[in-house]
Every structure is written in C-alpha cells, then in structure tokens.
Amino acid sequence: EMIGSVYTRGQLMAMENENKGYGPGTSRDGKRAPYAEGNQAAYGNYGANFIAPDNGNIYLTFDCGYEYTIKENGKDVRLTEKILDVLKEKNVKAVFFVTMYYCTQSPDLIQRMIDEGHAVGNHTNNHPAMPTISLDKMVYEVMSLHEYVETNFGYKMTLFRPPEGAFSTRSLALVQSLGYKTVHWSFAYADWDTANQPDHAKALTNIVSSGHSGAIYLLHAVSATNAAVLGDAIDGFIANGYNLELFQ
C-alpha cells in the first residue's frame, strides 16, 4: 500500500523513527551553520532543507501557531499584520508556516499572505512532535490541514515545517511522499515567549550579524520584537550584500 506517491507503508515502517530534536547552532561572520550543513548532507535526499545552497540569499520564514495581539494607540493590532505590512513596504516575500488553529483564527491574514505573494506552509493540524505519533496520525496531521487550506483558500501548500523541529528519517520520508519539502532552519533565537520578549537592539544585532549565504531564518510571528525590528533587519541584510528571496 502506497502512502503518498514515493513510499509504501512497509518501507516507511522499516525506517528509523528516533525523535531528533533540532537546533542548528549559531553562525557568525557570514559562516554557514555547520550543524545545518551536516543535517543537509545527511537528510537532503528526503526532501529536507536545513540550509539552502550557498547562493547569497537569505530566506525569511515565520511560524504561526496562533495569533498574538498587542495594544497600539488604544487599538488591538495583530502582530502577523504588522509583519505583513513591513514585508509589503520592503517588497520581501516570506513563508508563513501555519497550524489549523491559526487558519481558523485569522483566515483574512491567510488570504492576505496568498494575495501578497507569500508562501503559506503546513505546520500540521495540532502541532505534535512528528516522530512521537503513528504513521496514520502523521498523514492526518499533514493532509487534514492541506485539504482545509486547499478547500477554503484554493491554495495548494508544498512546504512543511515540523513542530519543534522534531524529525526522524520516517517522518521526513512520509512528508516527502505526501508531496512536500520539509523546511527546517539555520537561524532561530529565543523569540517565542510573548511574556519575555528580547530587547529590540540586541535582537536586531543578533539577527543581522548571524546572516549567512543560504540562511533559512525561523522567526515566530507572535514576537513583538520581531515585528518591531524586521524592517531594520531586512535593511541590514541588504546592506551586507544578501538578497532576500522566497523559499520555494
């Protein structure tokens, strides 16, 4: 029995399913993250992307598990909206990895992402660590969201980000068999705790100084710091000679 278009159930069940957490380490002085490069060499043939080729580009990606709203001039402002505004102003395209919860919370912003030329990516229905669930549950987590977005927005997702960055050979191969590329990252930082946001100036320095050729940046859309420094970060990347491209 084929599961998707590449592997049979038997082939997938025979693959190792150890839960590998993922943290790519840091890159400084323009060096490509070695941890990300090692994983790219090891798992690239399963459609996995930990770092892009050495091409002078930086790719921005945002994880959207839920919408976070802040007060600005007495008004409620959704942070994803602010991020989209900055990207529009700078004419930069990004990937937004969304969960089912996010889709039902902010359908207008999903539509805006599509309309403004961004990519909407699959971050699963319920955000489980993929290797910890059964093969059939893995299929459900990916395809239930895939079908929801296709039905409700007429949009076919092709990029997948595993919750927590957790993966196994089996989970990568299954996602590949379902017609997806897995997109990990070669830069991330502690930006996800809404109650403990990083200092703007320090975060900006960290983000820009970590730039490297082929970098895939993971930023969380619930971060008020990210929304505040994004425009300056984009300017910093461009000043340092990088192109900002949409990961495809």
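Given Cα pairs under 8 Å that are at least 6 residues apart, what percent is the relative contact order of segment 2-51?
It rounds to 20 percent for segment 2-51.
Taking amide H positions as placed in the peptide plane 1.01 Å from N, state which residues far from Asp63 in sequence (5 or more) or on other chains have amide H under 5 Å from it.
Phe97, Leu219, His220, Ala221
Relative contact order for segment 198-243 using alpha-carbon pairs under 8 Å, separation at least 6, rounded to a whole percent?
49
In what sequence, largest accessible area first, do Thr205, Thr80 appear using a 1.4 Å probe?
Accessible-area ranking of Thr205, Thr80, largest first: Thr205, Thr80.
Tell me the mean residue ellipticity at 222 nm calculated for the chain from its helices only (DSSP H runs of n ≥ 4, each -39500 (n - 2.57), averaged over every residue, nearest 500).
Rounded to the nearest 500, the figure is -12000 deg cm²/dmol.
What figure in square angstrom, to the nearest 10, would you give for the accessible area of Asp76 with a 1.4 Å probe?
Counting only protein heavy atoms, the figure is 110 Å².
Tell me, what is a quarter of the convex hull surface for the C-alpha atoms of segment 79-178, in nm² with one decimal? If you can, show how the numbers build up before the last one.
Working: hull surface 25.0 nm².
Here the figure is 6.3 nm², rounded to one decimal.
What is the antiparallel percent of DSSP beta bridges lying wholly in the chain, to the nearest 5?
Counting DSSP beta bridges with both partners in the chain, the antiparallel share is about 25 percent.
Counting only protein heavy atoms and using a 1.4 Å probe, what share of the accessible area of segment 102-175 belongs to carbon plus sulfur, as a whole percent?
Looking at segment 102-175 in its full context, I get 49 percent from C and S.
Once you keep just the Cα pairs under 8 angstrom separated by 6 or more residues, what percentage relative contact order results for the chain? It would help to have the intermediate numbers written out before the result.
On the way: 498 pairs, mean separation 84.0, N = 248.
Relative CO of the chain lands at 34 percent.
So how compact is the chain: Cα radius of gyration and Dmax in angstrom?
Cα radius of gyration and Dmax of the chain are 17.6, 58 Å respectively.
Counting other Cβ atoms within 10 Å, keep those with at most 16, restrict to DSSP loop, and tell me which GluC sites (Glu not before Pro) in segment 70-118 are left.
The qualifying sites are Glu116.
From the phi of every residue in segment 213-225, what ³J(HN,Hα) in whole Hz does the Karplus formula 6.51 cos²θ - 1.76 cosθ + 1.60 yield, where θ is phi - 60° and glycine or proline is x?
5, x, 5, 10, 8, 9, 10, 8, 6, 7, 8, 5, 5
Could you tell me which of rounded, prolate or oblate describes segment 123-248, using a ≥ b ≥ c as the square roots of the eigenvalues of the alpha-carbon gyration tensor, with rounded for a/c under 1.5 and, failing that, prolate when a/b is larger than b/c and oblate otherwise?
prolate
At 1.4 Å probe size, with every protein chain present, just tell me what the per residue accessible area of segment 90-173 comes to in Å².
Details: 2920 Å² over 84 residues.
Here the residues of segment 90-173 average 35 Å² of exposed surface.
The values are calculated or read from the model by the stated rules, or taken from the named source; none is laboratory data. Since this is a predicted model, take the numbers as computed values, not measurements. As a convention, Cβ positions derive from the backbone with ideal geometry for all residues, glycine included, and neighbour counts pool all protein chains shown. With ligands, DNA and RNA removed, areas are computed over all heavy atoms of the protein, side chains included. Shrake-Rupley method; radii C 1.70, N 1.55, O 1.52, S 1.80 Å.
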